[in-house]
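The next block holds one structure in the form of structure tokens; read it before the comments.
The values are calculated or read from the model by the stated rules, or taken from the named source; none is laboratory data. Model, not experiment: these values are computed from the prediction. As a convention, Cβ positions derive from the backbone with ideal geometry for all residues, glycine included, and neighbour counts pool all protein chains shown. Please note that ligands, DNA and RNA were not included when accessible areas were found on the heavy atoms of the full protein model with its side chains. Shrake-Rupley method; radii C 1.70, N 1.55, O 1.52, S 1.80 Å.
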Amino acid sequence: PGTVEEKQTAEREAREIMDESKRQELAEQELMEEMKKEFPEMASSIGAAAPSSSGDRSSLTPQQTTRPLQTSPDPIRNTTTYEGIQAAVQLQSSSSSNRPYTQSEVLLRIPLEAQITRKTALETLLSLLPPEQNGRSTHLEELDDAFVLALYLAHERGLGINSRVWPYIATLPLRPTCALHWGWRQSVVDIVTAMSVEMGTDVQGWPNEISKAAEMAERIAVTLTRASGDTLAKRQGVDDVAENIRWSLCQVASRAVAGREGLGSLRLVPVMDMINHDQAASKFEELTGEEKIEDGSFIDSTENEAGTFIVRSRRHGDRKPLRRGQELMANYNVENYSPLDWFLNMGYIPPERGGKWTMLEAGLPRNFRGGFSRKSNTMAKDSGAFGSGKPEIQVIRQHTQQQQCSR
């Protein structure tokens with residue numbers, strides 16, 4: 001039932017959803033081909049498929065024929081291969097596709113245990129040190145949260161499919177989007193010129209600032225490689241971990257989310273960091289464990305839920321019900337984040353931030369062989385999705401400016 005115009009609108013939206021689904025499928029196929037080249041061990045795991053229903057085992061290798069077959073693997077826990085990930089996604093989709101979401105429902109809930117924090121990263125990194133260093137203070141404990149997370153991510157990437165966070169690493173782009181990554185240096189000037197022409201962004205002085213920030217990022221990567229390269233896992237066919245560290249620094253710069261100091265002032269939050277930006281959407285919300293509906297909160301929480309990030313669908317402060325296929329968005333805007341900061345860390349600039357920019361104040365002092373020390377990060381409410389006015393990942397640009405001021 002409905003008018004002709006409503007029917008045409010519905011048909012047009014259905015076609016758009018179908019087209020988007022096809023584009024997404026093609027993009028996923030291209031991503032898998034890139035990942036097979038990047039991680040040969042993953043390609044072999046995909047090729048090691050179970051025999052067909054006809055029972056033909058002639059094409060299997062001796063290792064595959066002697067391997068016990070899993071008759072009923074857990075589809076949620078068996079996520080170290082592409083097939084396992086696909087099976088988990090399909091199961092979750094089938095179990096929830098017939099249940100409509102309500103306007104007030106929390107669409108994403110990422111508990112602290114599922115997040116990568118300074119604490120969890122240090123536990124892994126410290127365990128890699130030689131036994132004679134057990135119980136002794138190390139340079140790792142003096143590093144800023146951003147660099148601890150980067151080292152952890154580089155190590156886990158080196159482990160490949162043996163990493164316990166491999167399903168998360170598999171979602172990260174092989175070519176990070178931040179402008180600090182060495183792979184983008186050749187095209188940065190063209191991109192900056194296009195932003196000036198097409199968006200009207202004031203890019204005066206940007207090439208020089210980008211160059212200095214990229215040089216600082218490279219110095220950080222070299223320093224971290226020299227200090228921790230012998231202990232981190234290496235990818236197959238790669239001589240050292242420098243490339244992994246460069247990749248990880250950019251992932252942390254573009255994806256890390258600030259949280260409350262006591263539970264980790266900077267964190268990597270799987271799934272949530274896949275959400276795209278929309279100025280009109282709501283921000284990420286971190287539970288304190290003390291929320292009560294009777295006190296005006298939208299949810300009741302317990303002490304065990306402290307640190308959990310949740311995402312609701314809201315637009316302009318009001319509830320926004322999503323149609324099937326409609327994208328969940330979040331507001332990433334951070335106070336004092338200039339267009340240049342957006343470009344350096346995220347690799348793009350949202351339209352609402354395409355104006356003039358102001359250089360940031362000096363940041364952290366040096367105290368570790370060319371590295372950086374920790375700094376207290378007082379949280380501020382209502383400061384964008386990151387949760388604070390100046391996420392710690394900005395120390396790369398802040399430290400660059402500090403060196404200029406000290407000359």
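Assorted remarks:
- Within segment 204-224, residues that are over 11 Å from ALA179 (Cα atoms) sit with their Cβ atoms under 7 Å from residues that are open to solvent by less than 50 Å² (accessible area, probe 1.4 Å) and of a type in the set (Ser, Thr, Tyr), at 6+ positions apart or across chains, in these pairs: LYS212/THR400; MET216/THR400.
- Selection from segment 99-132 of residues that are open to solvent by 70 Å² or more (accessible area, probe 1.4 Å) and either modelled with pLDDT of 85 or more or not hydroxyl-bearing (Ser, Thr, Tyr) (or both): ARG99, PRO100, GLN103, ARG109, GLU113, LYS119, GLU123, SER127, PRO131, GLU132
- Sub-6 Å Cβ pairs linking a first residue in segment 279-290 that is within 16 Å of GLU261 (Cβ to Cβ) to a second residue that is charged (D, E, K, R), at least 6 apart or interchain, are LEU287/GLU305; GLY289/GLU303; GLY289/GLU305, ordered by first then second residue.
- Among the candidates ILE220, ILE210, residue that is of a type in the set (Val, Ile, Thr), modelled with pLDDT of 90 or more and either closer than 13 Å to ALA154 by Cβ or buried (at least 16 other Cβ atoms within 10 Å of the Cβ) (or both): ILE220
- The lone exception for THR138 - which of (1) modelled with pLDDT of 60 or more; (2) among the hydroxyl-bearing types (Ser, Thr, Tyr); (3) closer than 27 Å to VAL311 by Cβ it fails: (3)
- Segment 147-172, residues that are small (Gly, Ala, Ser) and farther than 12 Å from ILE245 by Cβ: GLY160, SER163, ALA170
- Exactly one residue among ASN244, ASN304 is closer than 25 Å to ARG175 by Cα and polar (S, T, N, Q), and that residue is ASN244.
- Members of segment 329-354 that are part of a loop (DSSP other than H, G, I, E, B), closer than 17 Å to LYS283 by Cα and either modelled with pLDDT under 80 or in contact with a helix residue (DSSP H, G or I) (Cβ under 9 Å, 6 or more places away or on another chain) (or both): TYR332, ASN333, VAL334, GLU335, ASN336, TYR337, PRO350
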